[in-house]
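Input: a single structure, listed below in structure tokens.
The values are calculated or read from the model by the stated rules, or taken from the named source; none is laboratory data. Please read all numbers here as calculations on a predicted model, not as lab measurements. Note that each Cβ is placed from the backbone with ideal geometry, even for glycine, and that neighbours are counted across all protein chains shown. For accessibility, only protein heavy atoms count, side chains too; no ligands or nucleic acids. Shrake-Rupley method; radii C 1.70, N 1.55, O 1.52, S 1.80 Å.
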Amino acid sequence: MFAVDVEKLRPLATIDIDHLERQQSIAVKDMKEPFLFLKRQGKLESYINMNTLQQDVQQSPQLTVEDLRHYATSLDSICQVDEHLSVKVLFQIIGEPFALVQGVNGDIIGYLRREEMLVELFKQDNQAIDLLKIILTSIPMGIFVVDRSHRIVNYNDASLKMMRLDKEFAENCDAEAIFNRSYLHYVFNTGKTILNQLQIGDDAIVLVDYCPIINFEQAVEGIVIVVQDLPKVEEMATEIEDIKGLNKDLNAILSSIYDEILVVNGRGELIRTSERLIPGVWDTNLNEWIGKSLLVLEKEGRYCPTSIGQVLKGKTKVSVVQETKNQRKILSVGNPIFNEQGEITRIVIASRDITESTRLESELQEMRKISAQYKKELDLFKNKERSTEQLIYRSQKMERLVQQAKRIADFSSTVMLYGESGVGKEVIAQVIHQLGHRSEKPFLKLNCGAIPENLLESELFGYTKGSFTGADKNGKIGYFQQAHEGVLFLDEIGEMPLHLQVKLLRVLQEQEIVPIGSTKPIPIDVQIIGATNKNLQEMVAKGTFREDLYYRLNVIPLHIPPLRERVEDIPVLAFHFLEKLNKRYGKNYTLTPDAINILEFYAWPGNVRELQNMIERLVVSADEPAITSEFVSRFLSLSYTVNHKKPVITRVMPLEEALNDVEEQLIMLAMKQYKTTTRAAKALGVSQSSVSRKYQKILQKKYEQ
């Protein structure tokens, strides 16, 4: 059983955010408690470490609810202590900064910091002490716990082994008989930690840390002494030196690839920078901002725009073009790094100077480097777990789709692929075949909409000799038999006539076929992969597709997104098709960044197939090796019909609505006239990133209508 003195509990400083507006200011500067708790719907939801807020509070004593929620940490990992303790709970106590304490009725009545909870555990002579000994025993380092009177009150087996001590000697021994007396007094008197003290004895050479245990009144209640064997310390030091060497090599490599590298955490706080920085971008010494939020610089207008806020909001890779005070243009790419819970833990920002003055010779050289990098990535994609050469992607949507295909590849379940024409349904079908246990068996494909209805049945099921006039005298083996133990891909399956749908249903149910002109069933083992660009559910409702066949086919539905919904794939696909054409014709064409920008803004109603055809058209028509945005614009229609039915301002209407309409029309007119976001932004007098972001939103809204 476990009991806590109620008088030693820390009170809960709480704020109920349900009754506050998001932008309402809250004064937190005078709060004395180390932790502030946020309540929602009457329950504690999260907490804020006030030390983390200290810097911001000094600059702005008034914070909004939105600011508080930004710094808040979930209480999911915080344990709630009652009179029953377990090893798991004790591990939680040690691993978190505090523990919540429950009353008799289960309500939270206060909390104890981790150090205070440990002190309470050590004071009580009950089963909790034994459980804590289990934890101490499992720690590979030596642990001694010393009370206020300098007596050793607890230890683990590793500590006795490292210090060459007997158990009888260590129990209730005066710590000064083993450890440095002056260090013990210093920690008790100052409450400060002493680390990495070398202690040389007759039998042991160890490294010792002295850590104070602080109670509720901020007084030193005891000391935790951590002991490490010197051989292990030397091994750790060697490993640290190796890591430092690797970091130097990595910094040298990154410095040769990018002009500037920044690493920030999930709150936008700067962790580290590369040794080399782009001149003229920062008006402050970045080393002074280590541990501080770069978002503050953006709010102050000293660095704009950054990709940090956009990455945190969208949780995806973001590219922006910044213009410095000395008229230099910087391409900044922010890449998020996620933990196992899907939360952003790091953002790596790689920046490069792309000023127009280096456009001529350096742009071609840069494009060759980028092409080489894309080629490496494409080679990786080609060899990735026997995936097909045609499967080129880098978007999260396609990654999830490929992962689904991998999971189902080793099963023989029927798969239905849905997607617009040209999205690559056949490629995904080939991936499922090549990644599965049927990869060494046949993969046959049949377009149900390309074969006349009177021939489709004979193609699928085959026929015996003399079955009908004009038939081959030796008969014919159908696709089902040819694909035995393999995969049969039925494209445009929605075009299959109803009477064949009945026979296909029988194949799926009975795993056997009956050729035309025969009465003898033939067993088959075939995995069916269907594909369509139609809505089969609507066809079922209209009676043009059998409902029972629909459910037999729709065992594992996979929806392939159109190219306009995975813009990240457009550059790698474009370079892939360009590289193939260069090899075929012995050329060396490249796409400039502005040309890629144009390709990314196009809707691609024909999807990947249309993109492939467009790249070939550009190569055949190009006069120069560098394909520019102006040249691409001749072949792509980026026009946008402005809705002339927008309300004429003849009456009072919401100002924001009127401004949005005018802004939309101006952006579309500028893009139609200037083709690229860079020149459109210059004409409109705004930043390129602003035009790019709003233009994409307008196009997305158009496609959704």
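Condition first: modelled with pLDDT of 90 or more, out of contact with any strand residue (DSSP E or B) (no Cβ under 9 Å at 6 or more places or on another chain) and among the charged types (D, E, K, R). Can you find one or more residues in the range 637-645 that meet it? No, the range 637-645 has no match at all.
Across the range 583-607, which residue is nearest to the chain's Cα centre (by Cα) among those that are touching a residue at least 24 places away in the same chain (Cβ under 8 Å) and over 26 Å from T678 (Cα atoms)? So the residue we want is G606. Among the residues of the range 433-460, just one is hydroxyl-bearing (S, T, Y) and open to solvent by less than 20 Å² (accessible area, probe 1.4 Å), namely S458. Filtering the range 547-565 to residues that are modelled with pLDDT under 90 and surrounded by 18 or more Cβ atoms within 10 Å (Cβ to Cβ) leaves only R564.
Listed by first and then second residue, the pairs linking a residue in the range 657-681 that is over 20 Å from S633 (Cα atoms) to a residue that is part of a helix (DSSP H, G or I) and open to solvent by less than 50 Å² (accessible area, probe 1.4 Å), with Cβ atoms under 7 Å apart and 6 or more places separating them unless they lie on different chains, are E664/I698.
Check whether at least one residue in the range 314-322 is surrounded by 15 or more Cβ atoms within 10 Å (Cβ to Cβ) and modelled with pLDDT under 75, and report yes or no. Checking the range 314-322: at least one residue is surrounded by 15 or more Cβ atoms within 10 Å (Cβ to Cβ) and modelled with pLDDT under 75.
Looking only at the range 653-677, filter to residues that are buried (at least 19 other Cβ atoms within 10 Å of the Cβ) and modelled with pLDDT of 80 or more; which one of those is nearest to the chain's Cα centre (by Cα)? Once the filter is applied, the top-ranked residue is T677. Scan the range 504-528 for residues that are open to solvent by 40 Å² or more (accessible area, probe 1.4 Å), more than 42 Å from the chain's Cα centre (by Cα), within 28 Å of D410 (Cβ to Cβ) and touching a residue at least 40 places away in the same chain (Cβ under 8 Å) and the total you get is 1. Among residues of the range 395-414 that are among the basic types (K, R), those with a Cβ under 9 angstrom from a residue that is open to solvent by 50 Å² or more (accessible area, probe 1.4 Å) and assigned to a helix (DSSP H, G or I), sequence gap 6+ or separate chain, pair up as K397/E565; K406/E385. Taken over the range 90-121, residues that are open to solvent by less than 10 Å² (accessible area, probe 1.4 Å) and closer than 18 Å to S74 by Cβ amount to 5. Of the conditions (1) among the polar types (S, T, N, Q); (2) modelled with pLDDT of 85 or more; (3) part of a loop (DSSP other than H, G, I, E, B), T650 fails just one. Which one is it? Exception for T650: condition (2). Taking strands (runs of 3 or more DSSP E) as the structural unit, those lying wholly within the range 159-238 and holding at least 2 residues that are more than 30 Å from L112 (Cα to Cα) and open to solvent by 90 Å² or more (accessible area, probe 1.4 Å) correspond to 194-200.
Taking the listed residues V526, V507, the one that is farther than 29 Å from R609 by Cα and touching a strand residue (DSSP E or B) at 6+ places or on another chain (Cβ under 7 Å) is V507, with no other qualifying.
When residues in the range 408-430 are screened for being within 13 Å of D491 (Cα to Cα), more than 27 Å from the chain's Cα centre (by Cα) and hydroxyl-bearing (S, T, Y), 1 of them pass. Only one of the listed residues (T464, T544) is surrounded by fewer than 20 Cβ atoms within 10 Å (Cβ to Cβ), polar (S, T, N, Q) and more than 47 Å from the chain's Cα centre (by Cα). That residue is T464. From the list Q404, Q430, the lone residue that is more than 14 Å from L563 (Cα to Cα), open to solvent by 20 Å² or more (accessible area, probe 1.4 Å) and in contact with a Leu (Cβ under 7 Å, 6 or more places away or on another chain) is Q404.
Residues in the range 301-313 that are at pLDDT below 70 and open to solvent by 40 Å² or more (accessible area, probe 1.4 Å): G301, R302, C304. Please work out if E260 is at pLDDT below 80 and either under 23 Å from I344 (Cβ atoms) or surrounded by fewer than 16 Cβ atoms within 10 Å (Cβ to Cβ) (or both). So E260 fits the description; yes.
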